[in-house]
Amino acid sequence: MMSSRPAVCLIAFLCAPVCRKSGVPPPSSVTHGAASVLQPGGETTVPYTLKPSFSKPAMNLPHEQRSLFYAGQALAKQPWVRAPTTTDTRDGLGPLYNARSCLSCHKNGGRGVMPKNGSPLTQGVLRLSLSGSDAKWGGVFDPNYGDQIQRNSIDLVYQIPATNIGGMKARLKREAEILIYWEESNFSYPDGQKISLRRPRIEIRDMGYGPFPKTIRLSLRNAPPLLGMGLLANVRQEDIETGADPKDRDRDGISGRVNTTWDFEHERAAPGRFGLKANRANLTIQIAAALQGDMGISNPIFSAQPCTETQNECQRGPHGLDKEGYEISLTLFSMLVDYVRSFGVPARRQSRPEAVKHGEEYFVEVGCDRCHRPSYLTRTDSEHPYLSEQTIWPYTDLLLHDMGQSLSDGRSDYEATGREWRTAPLWGVGLSKQVNGSSAFLHDGRARTIEEAILWHDGEAASSRRAFTQLSPSERDDLLVFVRSL
Ligand code: HEC
Ligand code: HEC
């Protein structure tokens with residue numbers, strides 16, 4: 001067992017001199033397949049299996065913590081139900097909601113599946129806002145619908161569609177249905193090779209609470225993968241800030257900014273790290289927001305129901321409050337956060353080592369590593385020793401970058417502008433499809449392949465994308481083989 005062990009000892013040995021001090025990678029990011037890079041999650045790394053998953057427990061998660069892990073998994077996987085039920089531990093769904101469980105969007109810990117052309121969105125969310133900003137909430141939301149559309153309601157009409165036969169009307173209307181249409185366009189490489197790209201067009205139907213103001217801004221967001229969340233939580237803030245260059249002083253065309261968000265637990269401003277626009281300060285806030293916003297489960301951080309002031313039926317309930325006054329108790333909430341914190345990272349695959357080696361050189365040559373920063377040493381963490389001082393390879397600087405107009409959602413989120421997104425971690429990216437069938441990359445899931453994702457890069461990443469398109473087809477192929485091996 002523990003096939004990762006020998007390699008792990010090697011990591012410490014090989015990497016110690018360069019990265020122990022600050023977690024900053026060596027100046028050249030080319031690793032030539034050094035042992036540590038094959039174990040991207042350090043000692044948490046989970047060996048490759050034919051059915052990979054992004055929600056497996058960290059390999060080094062102590063045995064005695066595993067039963068709690070599986071209890072957390074049950075909370076994330078089993079559907080929540082409407083209140084009241086005989087047990088109060090799993091009721092309180094909605095009244096308005098998007099999904100009944102965390103893992104129905106993040107299936108196997110992976111990314112969401114995007115709908116076929118003209119079909120309803122099921123595993124992502126549609127965020128809403130008006131112009132203006134708000135230091136605490138990150139934006140100004142729609143007065144009737146709030147900060148995102150809830151596609152479902154606990155009303156019987158939606159729960160048991162057969163009850164709708166006689167034209168029965170819902171008392172508690174869902175907010176709306178979201179249909180996604182894909183618009184295709186062609187991209188030609190300088191060498192003549194062509195590839196089709198698609199972008200989403202959003203159609204909103206069956207609006208239950210009146211029309212939007214004309215100035216509404218919509219942002220489609222696909223559920224991102226959850227591997228290695230606890231390791232990313234343990235990247236030192238100083239290490240992230242070292243990479244930031246908000247005024248682009250080194251004039252390389254790449255800035256990189258830290259978002260400033262709100263820590264709802266301690267009621268103070270805090271740098272953002274999670275969420276597609278680095279719009280959540282930490283895992284606790286991210287998960288509390290998901291419980292409330294996506295599932296309608298009130299919790300110790302967000303104790304309100306997911307209803308706006310104008311949604312009277314929603315306000316009236318039913319709600320599934322427990323003795324503490326929330327729909328999930330502090331104990332179960334902490335168990336859920338610890339569960340997400342302890343996901344490992346799958347080991348790298350090296351099926352074409354020569355291509356991987358060259359591909360990595362091209363990756364650095366065209367400047368992908370300027371944002372997709374390869375490596376860190378995580379902070380010392382006595383509370384979670386298995387996440388402590390691990391050499392990890394997530395390939396992200398966790399900073400915001402202006403990605404150009406085509407990727408813009410026109411919607412600011414705390415200090416992030418419409419054009420800015422957090423650099424997506426690339427670890428595990430090549431396993432996406434095997435994990436749950438989805439290879440819907442980028443924030444809105446528009447890219448069907450890694451190649452398409454690269455071709456949408458613009459703004460600060462424009463020169464990197466251009467350099468990629470100028471590689472020869474076989475060089476591009478090597479670069480893609482490398483990215484898929486991560
Ligand atoms: C309706 C689908 C949906 C459900 C249900 C859902 N999520 Fe998410 N999740 C998302 C989307 C979309 C994002 C990106 C949000 C953003 O940045 O605006 C996200 C982001 C996250 C992130 C941050 C990932 C990162 O890379 O920063 C974590 C962690 C997470 N979700 C955990 C959970 C947990 C735990 C639950 C259950 C309590 C849950 N999610 C329920 C769709 C969902
Ligand atoms: C200026 C910074 C920057 C550079 C340079 C850059 N990227 Fe990215 N990359 C990002 C950001 C930000 C995102 C997220 C964009 C979004 O979600 O819309 C991203 C997303 C991706 C994704 C999608 C991952 C996912 O999970 O959805 C892939 C793949 C990717 N980049 C690969 C590359 C490669 C390969 C290169 C070099 C050719 C590169 N990137 C250069 C910032 C950058």
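Every read-out reported here was derived from the displayed coordinates using simple, explicitly stated rules and does not represent laboratory data. Given the structure is predicted, the values throughout are model-derived calculations rather than measurements. Glycine also receives a Cβ, built like all others from the backbone with ideal geometry; neighbour counts cover every protein chain displayed.
Farthest toward the dipole's positive end in the chain, which of Tyr209, Ser219, Ala35, given Cβ charges of +1 (Lys, Arg) and -1 (Asp, Glu) about the Cα centre?
Checking the options against the dipole of the chain, the answer is Tyr209.
Fewest first, what order do Trp80, Trp262 take by the number of other Cβ atoms within 10 Å?
Exposure proxy ranking, most exposed first: Trp262, Trp80.
Taking the Cα-to-Cβ direction at Glu365 and at Ile160 and moving 7 Å from each Cα, how far apart do the two end points lie in nm?
So the label points at Glu365 and Ile160 sit 6.5 nm apart.
Given a Förster distance of 35 Å, report the FRET efficiency between Ala467 and Lys433 from their Cβ-Cβ distance, rounded to the nearest 0.05.
0.85
Angle, helix 66-77 long axis vs. longest principal axis of the chain, Cα atoms, 0 to 90°, nearest 10?
Helix 66-77 sits roughly 60 degrees off the main axis of the chain.
Between 0 and 90 degrees, rounded to the nearest ten: what's the tilt of helix 283-295 against the longest Cα principal axis of the chain?
Once rounded, one gets 40 degrees.
Using the beta-carbon distance between Gln65 and Arg236 and R0 = 25 Å, what value does 1/(1 + (r/R0)^6) give for FRET efficiency, to the nearest 0.05? Each step should come with its number before you reach the end.
Numbers: r = 24 Å, r/R0 = 0.95.
Efficiency, rounded to the nearest 0.05: 0.60.
Share of Cα-Cα pairs in the chain beyond 39 Å, in percent?
21 percent
Per DSSP H run of at least 4 residues, take -39500 (n - 2.57); add these up for the chain, divide by its residues and hand me the 222 nm value, nearest 500 deg cm²/dmol. Working shown, then result.
Working: 14 runs with 123 residues, N = 486.
Theoretical 222 nm ellipticity from helices: -7000 deg cm²/dmol.
Excluding residues fewer than 8 places away in the same chain, name every one of the lysines whose C-alpha is closer than 23 Å to that of Lys247.
Lys277
Using only Cα atoms, what Kirkwood radius does segment 75-164 have, in angstroms?
Answer for segment 75-164: a Kirkwood hydrodynamic radius of 15.3 Å.
Counting just the Cα atoms, what span does segment 342-486 cover along each of its three principal axes? Round to the nearest Å and put the largest first.
Result for segment 342-486: principal-axis Cα extents of 45, 43, 30 Å.
If you find the alpha carbon centre of segment 413-464 and of segment 298-357, how far apart are they in angstrom?
Comparing the Cα centres of segment 413-464 and segment 298-357, I get a distance of 23 Å.
Figure the gain on full extension for Ala269 and Arg205 (residue separation times 0.36 nm, minus the Cα-Cα span) and round it to one decimal in nm. Please report the intermediate quantities before stating the final value.
Numbers: separation 64, 0.36 × 64 = 23.04 nm, distance 3.67 nm.
Full extension of this stretch gives 19.4 nm more.
Only Cα pairs under 8 Å and at least 6 apart count here; give the relative contact order of the chain as a rounded whole percent. Don't jump to the answer; show the numbers that get you there.
Working: 1088 pairs, mean separation 110.4, N = 486.
Rounded, it is 23 percent for the chain.
On full extension of the chain, what length is gained from Ser119 through Trp137, given 0.36 nm per residue of separation minus the C-alpha to C-alpha distance?
Fully extending the segment from Ser119 to Trp137 adds 3.4 nm.
With +1 on the Cβ of every Lys and Arg and -1 on the Cβ of every Asp and Glu, and nothing else charged, how large is the dipole of the chain about its Cα centre, in debye rounded to the nearest 20?
1000 debye
Hey, fewest Cβ within 10 Å first, where do Trp456, Trp393 land in order?
Fewest-to-most Cβ neighbours within 10 Å comes out as Trp456, Trp393.
Label-point separation (nm) for Ser188 and Thr260, each offset 7 Å from Cα along Cα-to-Cβ?
Roughly 4.8 nm, to one decimal.
Apply 1/(1 + (r/R0)^6) to the Cβ-Cβ distance of Glu383 and Asp245, taking R0 = 45 Å, and write down the FRET efficiency to the nearest 0.05. Display every interim value, and only then the final one.
Details: r = 32 Å, r/R0 = 0.72.
The pair Glu383/Asp245 has a calculated efficiency of 0.90.
Hey, what angle do you get for helix 473-484 against the long axis of the chain, alpha-carbon based, 0 to 90 degrees rounded to 10?
It works out to around 60 degrees.
For Lys107, which aspartates and glutamates qualify as cross-link partners when the Cα separation must be under 16 Å and same-chain residues fewer than eight apart are set aside?
Excluding near neighbours in sequence, the set is Asp294.
Once fully extended, how much extra length lies between Gln315 and Ser351, figured as 0.36 nm per residue of separation less the alpha-carbon to alpha-carbon distance?
7.5 nm
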